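One structure is given below, encoded as structure tokens.
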Amino acid sequence: MMRRVFMAIAALFGLVLTSVDAKDRKPIVAVAEVKDLTKSGEDAALGAMIETALAGSSKFRVAARPRDPTKSPPARDATPQADFLIHATIAHETGKAKTDVGGTLGMAILGGLLGRREGERAEAQEPCTNCTPAETSARAAARTSASAAKSTVCRQVREPLEVDVRIVEPTNGKIAWASTIKVHRNVCVGTKHATSPDHLRSVADKVERGLTLAIHPIRVAAVEATGSILLNYGDDMLRVGDTLELSVPSKQCLAVDPDSGECLSQGVTVLGFVQVTEVMPRFSRASPVTQLADSSPVGAIARPAPLPRTRPVKRRPTP
């Protein structure tokens, strides 16, 4: 009898754990590979920043790649088991480099002034044969400082980059999200290293945002009695003043694959437009700016979109 009681308690406990695990189940995301066609050595930094951006989101679990520098690829970077794998490629956008005139001119003037000042100071002192060891060291230090000041002059170029990103479901090969992210970085002429990692962080944030909205789109969570609409995202995705289009999928199929019979494009029903009025850490409020087709659009998908343009009504002049 006691054994049956213990078995029943264990089964109930396992059922509770299973339900909790299913409720808290988050998609596992991993960076599979980052190729650097520019040979700037930024692939490892970009991969780490993408992992950091995804880890900061509450929507995913990140499986970091085990990196062993003592082994050579592909054994060094093993691909972990994940629901979504991220593939990125850093490439040049050729023919559009622009010189950072302000930074280049400032560095050139500063380096020229420092180099000329130190050079004049060193050259003004005539070589002497009766100098003390201290004076000899001072002259050598002045010459070294002058040459170092001249070598620090950096002519910066604003170089455009394209980062191709594909996020794939490894179980079926389906592409969940794909995009070409265009960024710019400042580099010194003659080197391959950027002067700031801000462009990599911008790419990482855009990857996190794209994957988040592809898996968990912005939706209407509730409608308050005042008519305000609550959205399921906060200040990490939305800003006050953003305009969103509310829509729900329809049962109508717009395009069918003639070979497989699979629906290629499903129709949507546009309910109207709303504008974000308040942003909180975990949710946002919005107000309708057009008449909504449904007064309680809970569950509707909200996509960023501009307001439709309406032609002003032409009034005839009164006689």
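Order of 163-173, 200-210, 247-257, 283-293 by packing, highest average Cβ count within 10 Å first? The partial results should precede the final answer.
On the way: 163-173: 14.5, 200-210: 19.9, 247-257: 11.7, 283-293: 17.0.
Taking the mean over residues of other Cβ atoms within 10 Å, the ranking is 200-210, 283-293, 163-173, 247-257.
For an R0 of 41 angstrom, estimate the FRET efficiency from the Cβ-Cβ distance between residue 251 and residue 44 and round to the nearest 0.05.
Here the calculated transfer efficiency is 0.30.
By how many nm would the segment from residue 278 to residue 55 grow when fully extended, if each residue of separation counts as 0.36 nm and the alpha-carbon distance is taken off?
Result: 77.7 nm gained on full extension.
For residue 262 and residue 291, what is the calculated FRET efficiency with R₀ set at 41 Å and r taken between the beta-carbons, to the nearest 0.05?
0.70
Using 7 Å Cα-to-Cβ label points, what is the residue 214/residue 87 separation (nm, one decimal)?
1.2 nm
Measuring from a point 7 Å past the Cα of residue 236 along Cα-to-C-beta, which residues in the stretch 207-228 have an amide N at less than 14 Å?
207-218
Starting from the amide H of residue 289, placed 1.01 Å from N in the peptide plane, find each other amide H under 5 Å away whose residue is 5 or more places distant or on another chain.
Amide H neighbours of residue 289, under 5 Å, 5+ apart: 273, 274, 275.
Give me the number: length gained by fully extending residue 64 to residue 189, i.e. 0.36 nm times residue separation minus the C-alpha to C-alpha distance, one decimal in nm.
Length gained between residue 64 and residue 189: 41.6 nm.
Cβ under 14 Å from residue 211's Cβ, residue 211 left aside: what net charge do those residues give with Lys, Arg +1 and Asp, Glu -1?
Local charge sum for residue 211: +1.
Modelling each spin label as a point 7 Å along the Cα-to-Cβ direction, I'd like the residue 223/residue 305 distance in nm, to one decimal.
So the two model labels end up 1.8 nm from each other.
Values in this text are rule-based calculations from the coordinates and carry no lab data. Note that this is a predicted model, so its numbers are computed, not measured. FYI the Cβ positions are ideal-geometry reconstructions off the backbone, even for glycines, and counts take in every protein chain you see.
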